[in-house]
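Encoded as structure tokens, the structure appears first; notes follow it.
The values are calculated or read from the model by the stated rules, or taken from the named source; none is laboratory data. Just so you know, these numbers come straight off a predicted model, no measurement behind them. Every residue, glycine as well, gets a Cβ built from its backbone with ideal geometry; the counts of neighbours run over all protein chains shown.
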Amino acid sequence: MSGCMPLQRLHLCMICALCFVVCQFVFLLVLLQRETFTGRLLLFDGGDHGKGKDERRLFGWREFISHTPEQSAAFYQYNLQLSDRVGAVRWLPRTRHESCDSQRTYSLPHASRAKVSVVISFHNEARSMLLRTIISLISRTPEDYLHELILIDDASQDVSLLDDLKKLMAKVYATRGRLTLICLRNVRRQGLIWSRNRGAEAATGHFLLFLDSHCEVNEAWLEPLLDRLALNATLAVSPLLDPIDPTTLRYSKGNELLKGGFDWSLHFHWLKRELSAKEAPEQPYPSPAFAGGVLMISRDWFLKLRGFNSRLKIWGGESIELAIKLWLCGGQIEIVPCSRIGHIFRPRHAFDFPPQFDHESSAALATYLHNSKIIAESWLDEYKNMFYVLKPAARQIPLLPTDQEEDHPTRQLKLELQCHRFDWYLRHVSPELKAHFNELAAMGTLKNGHRCLHARRTDTDMDTDSEVKLPVILDSCYLNDITHWRLLRQSGQLSTATERCLGVEENSQPPRLTLNACSRHKTRKKAQRWLRRGTQLVHNETHLCLDNPLKNQLVLSPCRSLAASQSFQFALEIEKQT
Ligand code: UD2
Ligand code: MN
């Protein structure tokens with residue numbers, strides 16, 4: 001027993017010595033890390049050694065941003081003065097979960113097989129903002145992986161920006177020999193979709209990252225994305241977007257309990273992410289759509305998918321289209337919460353849209369509607385009727401002959417990649433969208449003869465003698481805000497988009513129609529239940545039919561089969577799907 005003691009002590013000593021060496025090593029690594037970081041900041045040394053250290057460091061930057069064109073405060077839709085003051089790179093709070101550093105190891109492909117091309121298209125971005133986007137990238141991306149930066153100036157008013165930037169970046173090349181800078185400029189405004197495609201074509205890296213021009217990447221943003229992409233060539237990933245406040249430029253933590261999705265109008269929506277029992281919130285998770293337009297994908301795969309749909313104009317919808325295309329044609333999408341990128345969410349568009357054919361609605365809305373129509377026509381199959389019922393104005397939008405129905409390029413792609421039909425997306429990718437569809441028995445405008453059932457706004461509900469008037473009338477179907485109804489399959493409720501339901505007032509004699517908040521209460525819900533019999537709407541409790549016996553007067557009366565006054569047609573009747 002006693003003979004073992006010196007041996008144990010020797011072991012203890014050796015362990016202590018080893019710990020000491022490891023600590024020294026870690027300490028040295030941390031120091032080295034700092035060195036490199038300072039080294040990177042010195043990239044901005046303008047060479048004026050007479051100035052103080054900080055001044056020198058920012059010299060190039062200050063001169064560069066001093067040429068920002070004078071503009072009104074509203075022009076950029078964020079706090080320009082503050083952006084100019086903040087500097088080229090700043091400390092950002094760590095928003096990713098700590099296990100992203102402590103527990104996860106990322107298996108990165110060798111840099112020679114994982115060169116990253118970053119594509120940034122911009123239109124009228126402030127110089128300080130654009131530069132911060134670029135410098136945050138350079139500072140926080142491992143040098144071996146950041147292959148090239150492709151900037152597409154989409155006909156910005158600041159015509160000398162690119163040339164000045166090239167001069168400034170020449171100083172960066174001194175230490176970043178491997179990084180290529182490609183600057184392209186559109187003579188005419190082409191929009192971000194066209195421009196991002198142009199950038200992707202010019203790219204030579206293995207992976208593409210599409211980035212807005214007012215972003216800041218956070219520490220170690222790339223590793224978690226590459227780790228996932230290296231496992232699966234058909235995967236595309238989104239980092240988790242951290243919001244940056246447009247007024248205070250405060251960087252805060254984005255929500256990892258949300259997935260990307262869209263509704264039947266093809267508008268982007270966040271969906272609740274349900275965590276399975278063993279799933280940690282910071283784990284990568286599949287998503288029906290990207291978390292917006294900041295995404296990373298293999299270049300080959302992107303080009304095989306023919307990039308963003310080139311018939312989409314200017315702004316909007318391209319990431320939804322790519323998401324549908326990816327899922328249906330053999331790809332997948334994940335959001336990776338350990339990768340964080342900050343983005344300024346601006347309250348409204350900071351740019352004009354070129355006028356569209358429809359001069360009545362805003363050009364921004366008309367452009368978005370045009371793009372949504374292309375998506376519906378390209379991918380939604382028979383479900384495109386859902387889109388048209390919700391967006392009837394889209395029917396009037398003229399498309400080029402090649403845009404009609406399943407236009408030629410998309411048809412070819414579908415054949416080539418043997419893409420699934422949209423029904424597959426509903427069943428396997430977005431049960432939320434399917435559930436929304438399954439809830440409905442019928443939807444859209446509700447027509448009787450040439451008139452449509454219209455729910456008036458509540459402020460017109462009162463008559464002068466303060467008698468409550470039924471706020472539902474029959475009116476022209478061409479009213480701009482004509483009511484779109486939903487007949488819910490389960491509850492039989494007939495609801496407006498603002499969740500007001502047509503029902504019958506309790507104990508009223510003769511039974512009187514009302515329009516109240518859709519109820520979840522069992523008895524009150526019964527008074528709002530309608531049955532569809534042919535084209536009739538039969539009130540479940542009273543067994544009376546919705547009727548328009550006199551001109552534009554809505555009442556309940558005994559059902560008479562074939563009575564035209566009791567025939568109400570929805571824009572879309574949905575067959576029960578099994
Ligand atoms: C969201 C996406 C964006 C894109 C867009 C829909 C995020 C963080 N952003 O936009 O990536 O998917 O939805 O298309 O999810 N730009 C041009 N030319 C133009 C208009 C804009 O190059 O004609 C640039 C603009 O300078 C910016 C980028 O495109 O860098 C995106 O535009 P945005 O920031 O106004 O759009 P945002 O964030 O609302
Ligand atoms: Mn943006």
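Against the condition touching a Gly at 6+ places or on another chain (Cβ under 8 Å) and either assigned by TED's automatic domain parsing to the domain that holds LEU225 or within 16 Å of ligand 2 (Cβ to nearest atom) (or both), how does ALA291 come out, does it pass? Please lay out each step first, then the result.
Numbers: touching a Gly at 6+ places or on another chain (Cβ under 8 Å): yes; either assigned by TED's automatic domain parsing to the domain that holds LEU225 or within 16 Å of ligand 2 (Cβ to nearest atom) (or both): yes.
So ALA291 passes the test.
In this structure, is ARG532 in contact with a Gly (Cβ under 9 Å, 6 or more places away or on another chain), under 21 Å from ASN438 (Cα atoms) and either assigned by TED's automatic domain parsing to the domain that holds SER476 or surrounded by fewer than 12 Cβ atoms within 10 Å (Cβ to Cβ) (or both)?
Yes, satisfied.
Have a look at ALA220, ALA236, ALA202 and point out the one that is on the phi > 0 side of the Ramachandran plot and in contact (Cβ under 8 Å) with a residue 24 or more places away in the chain.
ALA220
Hey, any hits in segment 158-165 for a residue that's farther than 23 Å from HIS343 by Cβ, in contact (Cβ under 8 Å) with a residue 60 or more places away in the chain and of a type in the set (Gly, Ala, Ser)? Reasoning before the result, please.
Let us first name the residues in segment 158-165 that are farther than 23 Å from HIS343 by Cβ, namely 159-160, 163-164.
Going one step further and asking which of them are in contact (Cβ under 8 Å) with a residue 60 or more places away in the chain, we end up with 160, 164.
Filter once more, so that each one left must be of a type in the set (Gly, Ala, Ser): 160.
Checked against the condition, which is being farther than 23 Å from HIS343 by Cβ, in contact (Cβ under 8 Å) with a residue 60 or more places away in the chain and of a type in the set (Gly, Ala, Ser), segment 158-165 yields at least one hit.
With the requirement that a residue be in contact with a helix residue (DSSP H, G or I) (Cβ under 7 Å, 6 or more places away or on another chain), at pLDDT 90 or above and not in a helix (DSSP H, G or I), what does segment 398-433 give you?
CYS419, HIS420, ARG421, VAL429
So for segment 342-364 (the condition being without any contact (Cβ under 8 Å) to a residue 40 or more places away in the chain, more than 16 Å from ligand 2 (Cβ to nearest atom), out of contact with any Cys (no Cβ under 9 Å at 6 or more places or on another chain) and assigned to a helix (DSSP H, G or I)), does at least one residue qualify?
So far as segment 342-364 goes, yes, one or more of its residues are without any contact (Cβ under 8 Å) to a residue 40 or more places away in the chain, more than 16 Å from ligand 2 (Cβ to nearest atom), out of contact with any Cys (no Cβ under 9 Å at 6 or more places or on another chain) and assigned to a helix (DSSP H, G or I).
Go through segment 111-121 and give me each residue that's exposed (fewer than 15 other Cβ atoms within 10 Å of the Cβ) and either in contact with a strand residue (DSSP E or B) (Cβ under 8 Å, 6 or more places away or on another chain) or in contact (Cβ under 8 Å) with a residue 12 or more places away in the chain (or both).
Matches in segment 111-121: ARG113 only.
For LEU225, all conditions in the list (1) crowded, with 24+ Cβ neighbours inside 10 Å; (2) more than 16 Å from ligand 2 (Cβ to nearest atom); (3) over 19 Å from LYS259 (Cβ atoms) hold save one; what is the number of the exception?
Only one criterion in (1) crowded, with 24+ Cβ neighbours inside 10 Å; (2) more than 16 Å from ligand 2 (Cβ to nearest atom); (3) over 19 Å from LYS259 (Cβ atoms) is unmet by LEU225, namely (3).
If the Cβ limit is 6 Å and pairs must be 6+ apart or interchain, which residue in segment 304-321 that is within 16 Å of LEU400 (Cα to Cα) and assigned by TED's automatic domain parsing to the domain that holds GLY260 pairs with which residue that is modelled with pLDDT under 95 and assigned to a loop (DSSP other than H, G, I, E, B)?
Listed pairs, sorted by first residue: none to list.
Of the residues SER265, SER298, SER287, which is touching a residue at least 12 places away in the same chain (Cβ under 8 Å), away from ligand 1 (no atom under 14 Å from the Cβ), crowded, with 17+ Cβ neighbours inside 10 Å and small (Gly, Ala, Ser)?
None of the other options fit; the residue is SER298.
Within segment 547-557, can one find any residue that is within 15 Å of SER495 (Cα to Cα), among the basic types (Lys, Arg) and in contact with a strand residue (DSSP E or B) (Cβ under 9 Å, 6 or more places away or on another chain)? Lay out the reasoning, then the answer.
Step one: filter segment 547-557 for residues within 15 Å of SER495 (Cα to Cα), giving none.
No, every residue in segment 547-557 fails to be within 15 Å of SER495 (Cα to Cα), among the basic types (Lys, Arg) and in contact with a strand residue (DSSP E or B) (Cβ under 9 Å, 6 or more places away or on another chain).
In segment 105-124, which residue that is closer than 21 Å to SER136 by Cα and among the hydroxyl-bearing types (Ser, Thr, Tyr) is farthest from the chain's Cα centre (by Cα)?
SER117
Kindly evaluate ALA155 against the criterion of being more than 15 Å from ligand 1 (Cβ to nearest atom), free of Cβ contacts under 8 Å to residues at least 60 places away in the same chain, surrounded by fewer than 18 Cβ atoms within 10 Å (Cβ to Cβ) and of a type in the set (A, V, I, L, M).
Taking the combined requirement at face value, the residue does not satisfy it.
What is the residue count in segment 84-110 for residues that are touching a strand residue (DSSP E or B) at 6+ places or on another chain (Cβ under 9 Å) and either within 16 Å of ligand 2 (Cβ to nearest atom) or of a type outside the set (Lys, Arg) (or both)? Full working, then the answer.
Step one: of segment 84-110, the residues touching a strand residue (DSSP E or B) at 6+ places or on another chain (Cβ under 9 Å) are 89-90, 92-97, 99-101, 104, 106.
Filter once more, so that each one left must be either within 16 Å of ligand 2 (Cβ to nearest atom) or of a type outside the set (Lys, Arg) (or both): 89, 92-93, 95, 97, 99-101, 106.
Within segment 84-110, residues that are touching a strand residue (DSSP E or B) at 6+ places or on another chain (Cβ under 9 Å) and either within 16 Å of ligand 2 (Cβ to nearest atom) or of a type outside the set (Lys, Arg) (or both) number 9.
Only one residue in GLY331, GLY342, GLY317 is more than 9 Å from ligand 1 (Cβ to nearest atom), closer than 20 Å to VAL429 by Cβ and not polar (S, T, N, Q), so which one is that?
Among GLY331, GLY342, GLY317, only GLY331 is more than 9 Å from ligand 1 (Cβ to nearest atom), closer than 20 Å to VAL429 by Cβ and not polar (S, T, N, Q).
Would it be correct to say that ASN548 is modelled with pLDDT of 90 or more and more than 30 Å from SER265 (Cα to Cα)?
Criteria met by ASN548.
Of the residues in segment 63-82, how many are surrounded by 15 or more Cβ atoms within 10 Å (Cβ to Cβ) and not in a helix (DSSP H, G or I)? Give the derivation first.
The first filter runs over segment 63-82 and keeps only residues surrounded by 15 or more Cβ atoms within 10 Å (Cβ to Cβ), leaving 64-65, 68, 75-80.
Filter again for not in a helix (DSSP H, G or I), leaving 68, 75-79.
The qualifying residues number 6.
For segment 171-180, indicate whether the set of residues that are more than 14 Å from ligand 2 (Cβ to nearest atom) and either buried (at least 22 other Cβ atoms within 10 Å of the Cβ) or within 30 Å of ALA74 (Cβ to Cβ) (or both) is non-empty.
Within segment 171-180 (the criterion being more than 14 Å from ligand 2 (Cβ to nearest atom) and either buried (at least 22 other Cβ atoms within 10 Å of the Cβ) or within 30 Å of ALA74 (Cβ to Cβ) (or both)), the answer is no, since none of the residues qualifies.
In segment 294-307, what count of residues is obtained for those that are assigned to a loop (DSSP other than H, G, I, E, B) and away from ligand 2 (no atom under 16 Å from the Cβ)?
The total comes to 3.
From the set of residues in segment 498-542 that are part of a strand (DSSP E or B) and of a type in the set (D, E, K, R), which is nearest to SER561 (Cα to Cα)?
Among residues in segment 498-542 that are part of a strand (DSSP E or B) and of a type in the set (D, E, K, R), the one nearest to SER561 (Cα to Cα) is ARG533.
State all residues of segment 83-106 that are part of a loop (DSSP other than H, G, I, E, B) and either of a type in the set (Lys, Arg) or in contact with a Gly (Cβ under 6 Å, 6 or more places away or on another chain) (or both); if no residue qualifies, say none.
Passing the criteria: ARG90, ARG94, ARG96, ARG104.
Return yes or no: is VAL237 within 16 Å of ligand 1 (Cβ to nearest atom) and more than 24 Å from ARG311 (Cα to Cα)?
No; evaluated as a whole, the condition is false for this residue.
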